[in-house]
Amino acid sequence: MSAEILNGTRLAQRIRSQIRKKLKKLKFTPGLAVIQVGDDPASTIYIKHKQRDCEKVHFHSEVHRLSSEITQQTLIQKVVELNTREDVHGILVQMPLPDTIDEQVVIDAIVPDKDVDGLTPFNLGNLFINREGVTPCTPTGIIKLIEFTEEPIEGKQAVCVGRSHLVGKPVGVMLLNRNATVTYCHSRTKNLAEVTKEADILVAAIGKPEFITADMVKPGATVIDVGINSVDNRLVGDVKFDEVKEVAGFITPVPGGVGPLTRAMLLENTLKLASR
Ligand code: NAP
């Protein structure tokens, strides 16, 4: 039987309407500031979507576009300036940054109270010790999608393929905090398919088009495809969707799966920070 497709677009719409309701209780407008360095076309599209989402929930949003020639110090000064702005509640530095800039040093400059993507060491530390806080948008969206299946997480075997700070590592910790038994896989993992085949919950955050094939998936598994890869002018995930959907129990599509949830979580985190 074919897997149930987890419609991220619809779930994100529902979350935005909940945000609009919660917003009525606030006496001011939440504000999100995005910094873009350079003019990477994919980043420009992602930022446009984020701004459109902000409009949909009546948040203030602003984009600071800086030259790709900018120095790390000047970029940090921009972050510091936004840190002090009362009308800005969330600061997002759109990745990737030019090779001349150390991304983590820039993230470190964001005050944790405005760290809308939960990537500062303070917020990641809180996640690590399972303390309430702001958690990274993509992993939080992944958890929402898994919870949407109404299948329990506790006691399940979860496998994360990918261990980036942005996705793989934090989503594994979030699953662990929900009492899954978590295995991380990465580029040095041996016998990858043997490991992924054990997964009740399989998260693919690799950045390699259609890397996860049906023979790597346990029948009935929940498969979350985080990948966004452009192949022949079309977007594909890290999972070979057409064949894996015949084996999995639940599966996210690309586009329309994790992406919309990432953006919805950006709004939720902005509201959370504004409400503090
Ligand atoms: P990343 O930083 O490049 O990390 C990729 C991970 O995949 C690394 O941990 C790497 O292992 C692992 N990997 C690479 N080749 C592998 C192989 N052959 N076998 C097993 N593991 C392998 O990427 P990322 O930032 O986590 O993003 C992953 C994908 O998700 C990308 O396509 C990105 O565009 C997408 N993404 C989507 C969203 C969204 O909202 N939908 C958000 C963020 C990212 P090593 O650590 O050993 O190198």
Just for the range 111-161: of the residues that are farther than 16 Å from ALA180 by Cβ and touching a His at 6+ places or on another chain (Cβ under 9 Å), which one is farthest from the ligand (Cβ to nearest atom)? ASP113
Can you name every residue in the range 202-222 that is part of a strand (DSSP E or B) and more than 14 Å from the ligand (Cβ to nearest atom)? THR222
Could you figure out which of (1) assigned by TED's automatic domain parsing to the domain that holds THR252; (2) over 29 Å from LYS50 (Cα atoms) isn't true of ILE146? (2)
Counted residues in the range 143-161 being under 16 Å from PRO253 (Cα atoms) and either in a loop (DSSP other than H, G, I, E, B) or in contact with a Leu (Cβ under 7 Å, 6 or more places away or on another chain) (or both) come to 4
Please work out if GLU86 is free of Cβ contacts under 8 Å to residues at least 12 places away in the same chain, closer than 16 Å to PRO30 by Cα and not aromatic (Phe, Trp, Tyr). yes
Among the residues of the range 172-189, are any under 18 Å from VAL244 (Cβ atoms) and either within 15 Å of the ligand (Cβ to nearest atom) or at pLDDT 95 or above (or both)? yes
Subset of the range 17-39, residues outside any helix (DSSP H, G or I) and under 19 Å from the mean Cα position of the chain (by Cα), comes to LEU32, ALA33, VAL34, ILE35, GLN36
Could you run through the range 40-68 and say how many residues are within 17 Å of GLU81 (Cα to Cα) and either touching a Phe, Trp or Tyr at 6+ places or on another chain (Cβ under 8 Å) or β-branched (Val, Ile, Thr) (or both)? 1
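The values are calculated or read from the model by the stated rules, or taken from the named source; none is laboratory data. No experiment lies behind these values; they were computed from the predicted model shown. Positions of Cβ are generated from backbone atoms using ideal geometry, with glycine treated the same way; all protein chains shown enter the neighbour counts.
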